[in-house]
Each structure stands twice: as structure tokens, then as C-alpha cells.
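Data block below; observations after.
The values are calculated or read from the model by the stated rules, or taken from the named source; none is laboratory data. No experiment lies behind these values; they were computed from the predicted model shown. Neighbour counts run over all protein chains shown; Cβ positions are idealised from the backbone, glycine included. With ligands, DNA and RNA removed, areas are computed over all heavy atoms of the protein, side chains included. Shrake-Rupley method; radii C 1.70, N 1.55, O 1.52, S 1.80 Å.
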Amino acid sequence: MAKGEGAESGSATGLLPTGILQAGERPAQKEPKKKQQLSICNKLCYAVGGAPYQVTGCALGFFLQIYLLDVAQVDPFYASIILFVGRAWDAFTDPLVGFCISKSSWTRLGRLMPWIIFSTPLAIIAYFLIWFVPDFPQVQALWYLFFYCLFETLVTCFHVPYSALTMFISTEQSERDSATAYRMTVEVLGTVLGTAIQGQIIGQADIPCLQDPNGSAVTLEGANRTHSTTSLRKTQNAYLLAAGVIASIYVVCAVILVLGVREQREPYETQQAEPMSFLRGLRLVMSHGPYIKLIAGFLFTSLAFMLVEGNFALFCTYTLGFRNEFQNLLLAIMLSATLTIPLWQWFLTQFGKKTAVYVGISSAVPFLILVAVMESNLIITYVVAVAAGISVAAAFLLPWSMLPDVIDDFHLKHPNSHGTEPIFFSFYVFFTKFASGFSLGISTLSLDFAGYQTRGCSQPAGVRFTLKMLVTMAPIALILLGLLLFKLYPIDEEKRRQNKKALQALREEASSSGCSDTDSTELASIL
């Protein structure tokens with residue numbers, strides 16, 4: 001096995017019951033125990049599994065709003081309903097799937113992998129149909145609402161067990177942190193792929209717009225409409241091509257994850273007689289102080305970045321006037337974020353995760369202010385985009401790096417409460433998605449009230465001002481509020497080290513306790 005980050009290596013002897021060890025192989029009592037270690041291949045296979053969610057989520061987050069308004073030509077009011085209900089339903093399915101996973105039994109593939117395997121083919125079909133324009137405009141809004149909700153349900157069946165898998169690939173904090181860094185790098189790379197594929201393919205199409213949506217001359221209007229219809233069909237086909245490419249990436253990444261990763265059960269978990277009920281586990285999770293404080297802090301900071309994501313394409317197109325450049329600006333942001341993930345991983349190991357939160361996420365504020373006050377300038381916008389990607393990297397990495405620390409703290413306080421990991425991950429995502437769906441619905445509705453003109457080459461001043469507020473001032477306020485709330489989060493580096501030692505002692509005690517021969521055989525086969 002290759003050595004990973006940190007000097008904390010591992011061995012299965014510290015996890016197996018003593019009855020399994022051969023005579024003479026029992027480690028000396030004072031000899032430091034080697035710790036379990038993941039190979040680079042294991043970490044990469046695990047990390048690749050995060051790409052499907054990010055590739056599809058990035059394409060939907062950045063492009064679905066402008067697609068519904070300008071390509072599918074859905075009324076802005078109905079588009080706001082689709083975006084809000086879709087995100088709200090997506091949020092609702094997270095705890096629902098978490099509940100179902102908590103009731104799942106362990107199989108030869110594990111408890112989480114079957115969900116990933118069976119949801120993948122259905123998810124890619126639903127994703128493709130989101131970007132298809134049906135020939136019956138009367139029920140167009142229902143079409144997009146149904147397939148958007150269906151896809152979000154299926155991708156939740158992939159992502160919730162994948163997120164919970166963090167706790168089952170290793171029992172070591174350092175290995176989980178290292179695997180999380182690999183995962184975040186690949187996930188940000190996934191956003192780059194989603195941005196590049198969707199943006200560059202769409203950018204090759206002649207996205208139609210109307211200089212005068214109301215039309216003044218009958219002959220000119222007819223000519224414009226003929227050309228516009230042809231261009232619109234070309235744009236629709238470009239969206240379908242991008243959807244096909246992204247769906248292919250989804251399948252390849254899912255296959256690599258399933259073949260390259262194995263779930264592991266905690267030694268003390270195998271000694272539990274019955275799993276905890278979902279409702280009791282939910283009550284315990286929601287009463288765990290560090291978890292609530294972590295959610296409160298990252299809820300607002302994540303909401304800020306999602307608000308920028310949802311309105312960025314419209315902001316670049318109509319407020320900054322870069323109709324043919326927004327996909328390249330998105331690519332600059334995501335490339336910058338990908339390259340700086342290792343930097344933030346190094347920073348949090350040197351200075352602690354809470355310090356990384358304050359430095360990383362607050363660094364977005366000056367650039368958002370600059371965007372708000374500057375005139376439309378393409379070079380400055382690219383500089384701001386590259387700099388903003390640094391903060392985006394921190395926003396990607398830190399929440400998922402800190403959540404396992406909260407779960408470790410919970411296990412110490414409730415050592416008999418196993419099977420709660422999906423609850424932690426699913427409700428964390430639930431609150432974030434519900435809030436983001438609400439914000440996107442409100443922002444699209446605000447554009448409708450401001451007088452948004454579908455397929456217009458330009459927009460009224462009220463629409464441009466609204467977009468500027470949604471992309472700059474509102475996210476700044478949300479970031480500052482989130483950082484203030486995050487001061488209440490109690491798990492610092494000293495607390496993490498104490499929890500790590502206590503958990504290791506708990507595992508060693510469970511491993512050396514009197515397990516039956518059957519339990520020992522089962523545990524050995526799992527490891």
C-alpha cells in the first residue's frame with residue numbers, strides 16, 4: 001500500500017480481534033500501533049465518484065435558468081416555480097434517502113454501493129430529458145418540473161450514500177481528510193468539466209435574441225422570426241449534445257467508484273445488537289450542538305455562492321454585456337478553484353480548519369465589491385474571476401472536510417449510536433438545497449417583476465440592477481452573516497486531536513473485546 005499524507009500509517013491488526021491473529025504475531029503492548037492507510041489508487045477511485053454530482057450540478061446551476069428563459073422560452077413566473085420546486089424537492093429527498101439508507105442492510109457490496117449502482121442508469125436518462133424541448137408547449141412547464149424533480153431524486157440516491165461513504169473508507173481522520181482533499185479536487189475539476197463542456201458546446205451555437213421583442217415592422221419581424229427559429233433549434237441541439245457528453249462522464253465515474261472502493265464497518269459497530277431507529281437517530285443528530293452550528297455557518301456561505309452561480313450567466317450576458325464570454329469566465333473561475341484546492345488542504349493542516357474558513361471564504365468579499373462598483377471591463381472581469389476561484393475552492397473543500405469531525409464528536413458522545421452517518425450528510429445537504437432553491441426562485445421572480453424580456457438582446461435598467469444586487473451585494477451580506485455564526489462552532493484543532501485519541505482507544509477496546517468466532521470471521525472478510 002502506498003503511503004498517504006501525514007505519517008499516520010495503518011494496519012488491519014489494530015482492528016481485528018485478537019483471536020484471528022496467529023501465534024507470535026500479537027503486537028507488543030507498548031509498541032505503537034500502525035494505523036490504517038489508503039492507497040493513492042483507493043483515494044483517486046473514491047474521489048472520481050464525486051464528479052457526476054458536480055458535473056451535472058454545475059451545468060444545471062449555471063445554465064438551467066438561462067436555458068428555461070431564453071431557449072425553452074418558459075415564462076419567467078413558471079421558470080421561478082420550476083427552479084424553486086425542483087430545489088425544494090431535491091432538498092426533501094435528501095433526508096428521505098438518508099432514512100431509507102439507514103434502514104438498508106449490509107450486502108456483499110456494502111450498504112451504500114447498491115444505491116449508487118441502481119440509481120445511475122435512471123439518472124442519466126432523466127438528466128438528458130431535462131435538456132430536451134418537447135413539441136407540446138402547453139405542458140412544457142410540467143415537463144421540466146417533472147424531469148428536474150426526477151433527476152434530483154435519482155442523483156440524491158447517488159450522492160447521499162457517496163457522501164456518507166467518507167466515514168466508511170477509513171477509520172483514520174488523517175486518511176479521511178486526505179481522501180476528502182482528493183475528492184474536492186476532483187469535484188472542482190468536475191465543475192470545470194461541466195462548465196467547459198456545457199459552456200463551450202453552447203457557445204458554438206448562435207444563441208438567438210431579438211433586438212425588438214415587441215416587433216414594429218411585419219416584414220422585418222417575419223424575417224427575424226425565421227432566422228431566430230433556425231438558430232433556436234441549433235441551440236437546442238447544442239444543449240442535447242452537451243447533455244449526452246455529461247451523461248457519459250456520469251456513467252464512467254460511477255463505474256470507477258464501484259470497482260475501486262470498498263466499504264468498511266467500524267469494529268464497535270459489528271457488536272451492536274440492533275441499529276438505532278431513524279427517528280431516535282434524527283433527534284440525537286439534531287440535538288448535537290457542533291452539527292447545528294456547522295450547518296448554521298455554512299448554510300449562509302453556501303447560499304451566497306449558489307446565488308452567484310444561479311445568476312452568473314444572466315449577469316454576464318445582460319449586466320456586463322459579455323454575451324459570448326460568460327462560459328469562458330466560468331471556466332476561468334473553476335480552473336482557478338481546481339488549482340488552489342491543494343493550497344487550501346495544506347493551509348488547513350498548518351493553521352486549522354476554522355482559520356481556513358475565515359481566510360478562504362472572506363477572501364471573496366473584496367472581489368464581489370469590485371464587481372459591484374467597477375464599469376464593464378473584460379480584462380478586469382477575468383482577473384476577478386481567477387481571484388474568485390480561490391475562494392470557491394475553500395467553499396468546496398471546507399464543509400466536507402469538517403463534517404466528519406462533527407460525526408466523530410457525535411460518536412464519542414453516543415458510542416452505541418451507529419448508522420447515523422447518512423442522517424448527518426443528508427440533512428446537511430437538505431438545509432443548503434432548500435435555502436438555495438428558495439433564493440433561486442425568489443431571484444427569478446425578482447427578474448420577472450423587474451421586467452425581464454425573454455430572448456431580448458438587452459434588458460431594462462431595472463433587470464440589470466437586480467442582477468447586480470443578486471450577484472454582488474446579496475452574497476456579500478450572506479457571507480458575512482455566515483462567518484459571524486461560524487464563530488460559535490466549537491471543534492478547533494485541540495478538540496480534534498482529543499477526539500482522535502479517544503476514538504482510537506474506543507476502536508482498540510472494541511477490537512480486543514470478546515468477539516465470537518463468527519463475528520471475527522465476518523470482520524476479517526470485510527477488512
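Provide a single number: the residues in segment 190-200 that are more than 18 Å from residue 322 (Cβ to Cβ) and either open to solvent by 20 Å² or more (accessible area, probe 1.4 Å) or modelled with pLDDT under 60 (or both). Give the steps one after another, and end with the answer.
From segment 190-200, those more than 18 Å from residue 322 (Cβ to Cβ) are 190-194, 197; that's our starting set.
When the remaining residues are screened for being either open to solvent by 20 Å² or more (accessible area, probe 1.4 Å) or modelled with pLDDT under 60 (or both), the result is 193, 197.
Selection size over segment 190-200: 2.
Within segment 100-140, take every residue that is open to solvent by 30 Å² or more (accessible area, probe 1.4 Å), assigned to a helix (DSSP H, G or I) and among the aliphatic types (A, V, I, L, M) and give me the one that is nearest to residue 82 (Cα to Cα).
For segment 100-140, the residue satisfying everything is 139.
Just name the residue that is surrounded by the most Cβ atoms within 10 Å (Cβ to Cβ) out of those in segment 238-296 that are modelled with pLDDT under 85 and polar (S, T, N, Q).
If we take residues in segment 238-296 being modelled with pLDDT under 85 and polar (S, T, N, Q), then 264 is surrounded by the most Cβ atoms within 10 Å (Cβ to Cβ).
Kindly list, by first and then second residue, each pair from a residue in segment 374-389 that is open to solvent by 30 Å² or more (accessible area, probe 1.4 Å) to a residue that is in a loop (DSSP other than H, G, I, E, B), limited to pairs with Cβ atoms under 8 Å and residues at least 6 apart or on different chains.
Once the first residue is open to solvent by 30 Å² or more (accessible area, probe 1.4 Å) and sits in segment 374-389, its partners that are in a loop (DSSP other than H, G, I, E, B) give 376/320; 376/321; 376/322; 378/322; 378/325; 380/374.
Criterion first (of a type in the set (S, T, N, Q), open to solvent by less than 40 Å² (accessible area, probe 1.4 Å) and modelled with pLDDT of 80 or more) does residue 174 satisfy it?
Numbers: of a type in the set (S, T, N, Q): yes; open to solvent by less than 40 Å² (accessible area, probe 1.4 Å): yes; modelled with pLDDT of 80 or more: no.
No, not satisfied.
Given the structure, is residue 186 free of Cβ contacts under 8 Å to residues at least 60 places away in the same chain and either open to solvent by 40 Å² or more (accessible area, probe 1.4 Å) or out of contact with any Pro (no Cβ under 6 Å at 6 or more places or on another chain) (or both)?
Details: free of Cβ contacts under 8 Å to residues at least 60 places away in the same chain: no; either open to solvent by 40 Å² or more (accessible area, probe 1.4 Å) or out of contact with any Pro (no Cβ under 6 Å at 6 or more places or on another chain) (or both): yes.
Here the answer is no, as residue 186 does not meet what is asked.
Working only within segment 125-142, note down all residues that are closer than 15 Å to residue 239 by Cβ and touching a residue at least 40 places away in the same chain (Cβ under 8 Å).
If the condition is that a residue be closer than 15 Å to residue 239 by Cβ and touching a residue at least 40 places away in the same chain (Cβ under 8 Å), then 127, 128, 130, 131, 132, 133, 140 are the ones that fit.
Does residue 212 satisfy the criteria of being of a type outside the set (A, V, I, L, M), in contact with an Asp or Glu (Cβ under 9 Å, 6 or more places away or on another chain), outside any helix (DSSP H, G or I) and at pLDDT below 80? Steps first, please.
Numbers: of a type outside the set (A, V, I, L, M): yes; in contact with an Asp or Glu (Cβ under 9 Å, 6 or more places away or on another chain): yes; outside any helix (DSSP H, G or I): yes; at pLDDT below 80: yes.
So residue 212 passes the test.
Right, residue 343: open to solvent by less than 10 Å² (accessible area, probe 1.4 Å) and of a type in the set (A, V, I, L, M) or not? Before the answer, list the steps.
Values: open to solvent by less than 10 Å² (accessible area, probe 1.4 Å): no; of a type in the set (A, V, I, L, M): yes.
No.
Within the set of pairs 6 or more residues apart or between chains, which connect a residue that is modelled with pLDDT of 90 or more inside segment 479-493 to a residue that is not in a helix (DSSP H, G or I) with Cβ atoms less than 7 Å apart?
Cβ pairs passing all conditions: none.
Given the conditions (1) modelled with pLDDT of 80 or more; (2) open to solvent by 30 Å² or more (accessible area, probe 1.4 Å), and given that residue 406 satisfies all but one, which numbered condition is not satisfied?
(2)
Within the set of pairs 6+ apart or on separate chains, which have a first residue in segment 322-336 that is under 12 Å from residue 204 (Cα atoms), a second that is surrounded by 20 or more Cβ atoms within 10 Å (Cβ to Cβ), and C-beta atoms under 6 Å apart?
Here the result reads 327/199, each pair linking segment 322-336 to a residue that is surrounded by 20 or more Cβ atoms within 10 Å (Cβ to Cβ).
Sort out which residues of segment 438-464 are of a type outside the set (Ser, Thr, Tyr), surrounded by 23 or more Cβ atoms within 10 Å (Cβ to Cβ) and closer than 19 Å to residue 305 by Cβ, and write them in order of number. So that I can check it myself, show each step before the final result.
So the first thing to find is which residues in segment 438-464 are of a type outside the set (Ser, Thr, Tyr), and the list is 438, 440-442, 445, 447-451, 453, 455-457, 459-464.
From the residues that got through so far, the ones that are surrounded by 23 or more Cβ atoms within 10 Å (Cβ to Cβ) too are 440, 447.
Once the filter is applied, which keeps residues that are of a type outside the set (Ser, Thr, Tyr), surrounded by 23 or more Cβ atoms within 10 Å (Cβ to Cβ) and closer than 19 Å to residue 305 by Cβ, segment 438-464 yields only 440.
Grab the helices (runs of 4 or more DSSP H) fully contained in segment 279-374, keeping just those with 1 or more residues being touching a Pro at 6+ places or on another chain (Cβ under 6 Å) and within 23 Å of residue 186 (Cβ to Cβ).
Numbers: elements: 289-314, 326-351, 353-362, 364-373.
The qualifying helices (runs of 4 or more DSSP H) are 289-314.
Conditions: (1) surrounded by 21 or more Cβ atoms within 10 Å (Cβ to Cβ); (2) out of contact with any helix residue (DSSP H, G or I) (no Cβ under 9 Å at 6 or more places or on another chain). Residue 396 meets all but one. Number of the miss?
With respect to (1) surrounded by 21 or more Cβ atoms within 10 Å (Cβ to Cβ); (2) out of contact with any helix residue (DSSP H, G or I) (no Cβ under 9 Å at 6 or more places or on another chain), residue 396 is out only on (2).
Going residue by residue through segment 49-60, is there one that turns out to be modelled with pLDDT under 85 and buried (at least 23 other Cβ atoms within 10 Å of the Cβ)? So that I can check it myself, show each step before the final result.
The first filter runs over segment 49-60 and keeps only residues modelled with pLDDT under 85, leaving 58.
Subsequent filtering for residues that are buried (at least 23 other Cβ atoms within 10 Å of the Cβ) retains 58.
Checking segment 49-60: at least one residue is modelled with pLDDT under 85 and buried (at least 23 other Cβ atoms within 10 Å of the Cβ).
Mind counting the residues in segment 416-456 that are at pLDDT below 75 and outside any helix (DSSP H, G or I)?
7
Within the set of pairs 6 or more residues apart or between chains, which connect a residue that is touching a residue at least 40 places away in the same chain (Cβ under 8 Å) inside segment 251-262 to a residue that is open to solvent by less than 20 Å² (accessible area, probe 1.4 Å) and not in a helix (DSSP H, G or I) with Cβ atoms less than 6 Å apart?
Listed pairs, sorted by first residue: 257/49.
Could you tell me how many of the residues in segment 311-368 are of a type in the set (D, E, K, R) and either in contact with a strand residue (DSSP E or B) (Cβ under 9 Å, 6 or more places away or on another chain) or over 26 Å from residue 486 (Cα atoms) (or both)? Show your work before the answer.
First, pick out the residues of segment 311-368 that are of a type in the set (D, E, K, R): 323, 325, 353-354.
With the extra rule that they be either in contact with a strand residue (DSSP E or B) (Cβ under 9 Å, 6 or more places away or on another chain) or over 26 Å from residue 486 (Cα atoms) (or both), the set shrinks to 323, 325.
Qualifying residue count for the region: 2.
Give all pairs with beta carbons closer than 9 Å in which a residue from segment 60-81 that is on the phi > 0 side of the Ramachandran plot meets a residue that is modelled with pLDDT of 85 or more and open to solvent by 10 Å² or more (accessible area, probe 1.4 Å); count only pairs at least 6 apart in sequence or on separate chains.
Correct list of pairs: 73/133; 73/140.
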